[in-house]
Every structure is written in C-alpha cells, then in structure tokens.
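The values are calculated or read from the model by the stated rules, or taken from the named source; none is laboratory data. Treat the numbers as computed from the prediction; the structure is a model and nothing was measured. Don't worry about glycine lacking a Cβ; one is built from the backbone with ideal geometry, like all the others, and counts go over all protein chains shown.
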Amino acid sequence: MTLTSRKTALAGLAALGVSALVLAGCSAAPTGGNTTKAASNFLPCMVSDSGGFDDHSFNEIGLQGLQAAAKDLGVKEKHVESNTNDDYAPNIESLLGQGCNLIVTVGFLLSSATDDAAKANPDVNFAIVDDGLDNEGATGTDGKPTGDGKVDVPNGKPILFDTAQAAFLAGYAAASYSKTGVVGTFGGIQIPPVTIFMDGFAEGVAYYNTAKSKNVKVVGWDVATQKGSFTGGFAAGVEAKTTAQGLLDQNADVIMPVGGPIYQSAAEAIKDKNNGTVMIGVDADVFNTDPKVQDILLTSVMKGVDKGVKAVVEDAAGGDFNNTPFIGTLKNGGVGLAPFHNYASKVDPGLQKEIDAIKAKIISGDIKVTSAATPKS
C-alpha cells in the first residue's frame, strides 16, 4: 500500500453514518465468515466519529461488535477515537500504517475519508456504518443524499439501517403516550442517518392521528419541508440542552434526540423541567447502555451496529468480504423498538399489541414507511 499520497487523498468532507446491517439487504446477509480460515495475523481496526467510543450509542456499540469479533477469532484489534472531524483522515492513515487488514469507520461523517482511503489502498478492506459509499457521502442543500446508490469502491462495504421503520413505531408510541398532544424530535447535524429517524418518527405520529382521529402535533421536524431543529454537532452541551428546552417550551412531553451524546443534554433539560416529560433513545437500547436516564426513558429506536460490525469483521477474516450493501430492517431484526421497561405499566394497556400489529404490516408492506434518506437496496 502507498502512504505518500494518502494524506492528500484523505482530506475532505467527513460525515456521520448509518450502518448497513449484515442481517439482510441486497443479497444474502453476511454469515459471520468462515472463521476457521482466519489467519492469526488478521488485524481488524476501527475509527470512531467525533462522538467518541463512550457515547452510549452507535460508536460504543460498534466497538463492542469489533471486540466481540476479535475475541471469537482469537486475534487482536485496534481502535482509534476521533475528537474532531479533522481527525478522521489522519486516524485512518495511522491504522493503515499499523497494517490493518480491515478498517471499519463509524458514521456518515467519515464518508469522504473512507472512500478516499479505500481508493488509495485497494489491498485493504474498508467498511462504514451509515453511509453508502455512493458519492463520497455528498448531500444537496436540502440535506438529501445525491449519490446514485452504487458503491464506488470494490473494497468498501456499506452497513446501513432502515431506521425509519423502527422510528415509525416510536412515533406511534410517543403520540399514544403524550398527555399534552405535542411531541418533538431534534437532531445533531442534518444528514441522512439523522433525518431518517426523524422522518419515521413524524410519520408514526401521523399514522396514530389517522387511526385514532387525534391531532398530536410534532415539533422540531417537518417531513414535507425537511426543516427542523439541529444542534450543529453531536456533542452534549449547552446547544443540545437549549435545543431540547425549545421543544419543551412548545409543550412537548415526549422528545426523541437523534445524534449520539446529545440525548444526555436533552435528559438534563427534561429533568430540570420535572413535569413528567419522557425521552426516546436511538441506536442502542439506552435503558441498558445508560442507566442514568432510565427514569425518563419511554423506549429506544435500536439498530444492530454491533451485530453488523461483528459479522463484517468475521466475513473479512474468513476471506468472504464483498462490497454489497446490507440493510437492517424490521423484517431481519436489524432495527427494532426496545421494550418500554419502566414505562410498561404506564402506557396504554393495548399499546404493545398495536405496535406489534403495525410492525407486522410494515414487514408485509401493507404500511409503507418512506424517508428521503431510506437506504437504496
């Protein structure tokens, strides 16, 4: 591999991702590889986005998938944490210099750096969570992806999730639970892996309104205009707390923050308000990953980043790597809605059965969940 031209090639837009789950997709799902063929010197590696590996979200569960695969394979792994967007290309270059055979980048924001590195290093395999590698992650001024849906590097594998399907269920649950008739959502950066959650959430609320002849309002996001509330980043802090407070001030009593650690600041705003408002987590079952927010967590919209990463690593180790995108859905279990946990006795007694019925209709195609950011199969 050549390191001389890599630094220039790797400069460019980095972006936060939505992973392609290896549980289903455009062809047969990754099998986890033939691990008996894994060489003892196989080195799988990972680069986080700026949210870091302690985000209790997709970076953290992505790392768990990498470490689980390495343990099963009996090999070592390396992972590097990014503190800012400027770290993406140098971190990838550092891992290339350490002889990594597979580099998994976590998040849409690493799209350009990953795409460039894959092109410059055809002898190394790359995988990326939440990006299709179909046009270096480019988006138009409206935030919609401009890629053609085709992976443009033979050694790059997208790991994608149709989270709108699971977020639809969360939106329905939020509308059912709301006492004020107002629910809200906001994001970190307006990119497809974020807005796909927000689209599904709003559509789920709309479906509830039609089914129940209600008029629950969504604040923070408008599906038709693709405009809403964003913090401009994925870090917890004043901006995220202020954005959450803005939704609370509009009488929202269920809030879904989308963007890694920003939920932590939303939780602070909710607890400060102390009026019974609840939160919906994303990516992981946040009830399990962050017990500090269990008391205000209604449910979570989950995507199996850990399972996807683990299977891709094992496939690569076994010589079965390919660049076909895989998409996690409700049907294959790649996305889902977490249990209501502490709120199981507080939601409508018939809600879980309604959710199950809606899920079945989404899987059968009777209910179409659409988003401008839906992964292309």
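Filtered by the rule that a residue be among the β-branched types (Val, Ile, Thr) and either outside any loop (DSSP other than H, G, I, E, B) or buried (at least 20 other Cβ atoms within 10 Å of the Cβ) (or both), the stretch 224-268 gives Thr231, Val238, Thr242, Thr243, Val254, Ile255, Val258, Ile262. The residue list Phe201, Phe186 contains one member that is in the same structural domain as Ala357 (by TED's automatic domain parsing), surrounded by 23 or more Cβ atoms within 10 Å (Cβ to Cβ) and in a strand (DSSP E or B), which is Phe186. Filtering the stretch 319-347 to residues that are over 23 Å from Met198 (Cα atoms) and surrounded by fewer than 19 Cβ atoms within 10 Å (Cβ to Cβ) leaves Gly319, Asp320, Asn322, Asn323, Thr324, Asn342, Ala344, Ser345, Lys346.
Conditions tested, residue by residue: (1) modelled with pLDDT of 95 or more; (2) more than 16 Å from the chain's Cα centre (by Cα); (3) of a type outside the set (D, E, K, R).
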residue: Ala9; (1), (2), (3): no, yes, yes
residue: Lys37; (1), (2), (3): no, yes, no
residue: Phe42; (1), (2), (3): yes, yes, yes
residue: Leu63; (1), (2), (3): yes, no, yes
residue: Ile103; (1), (2), (3): yes, yes, yes
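When Asn332 is tested against the conditions (1) more than 30 Å from Pro154 (Cα to Cα); (2) among the polar types (S, T, N, Q); (3) at pLDDT below 95, the lone failure is (1). Test Ala316 against the stated conditions and say whether it is modelled with pLDDT of 90 or more, surrounded by fewer than 16 Cβ atoms within 10 Å (Cβ to Cβ) and over 18 Å from Val282 (Cβ atoms). Here the answer is no, as Ala316 does not meet what is asked. A single member of Lys217, Lys212 is closer than 19 Å to Gln250 by Cβ and either surrounded by fewer than 24 Cβ atoms within 10 Å (Cβ to Cβ) or out of contact with any Pro (no Cβ under 6 Å at 6 or more places or on another chain) (or both), and it is Lys217. Scanning the stretch 292-312 for residues that are modelled with pLDDT under 95 and in a helix (DSSP H, G or I) yields Val305, Asp306, Lys307, Gly308, Val309, Lys310, Ala311, Val312.
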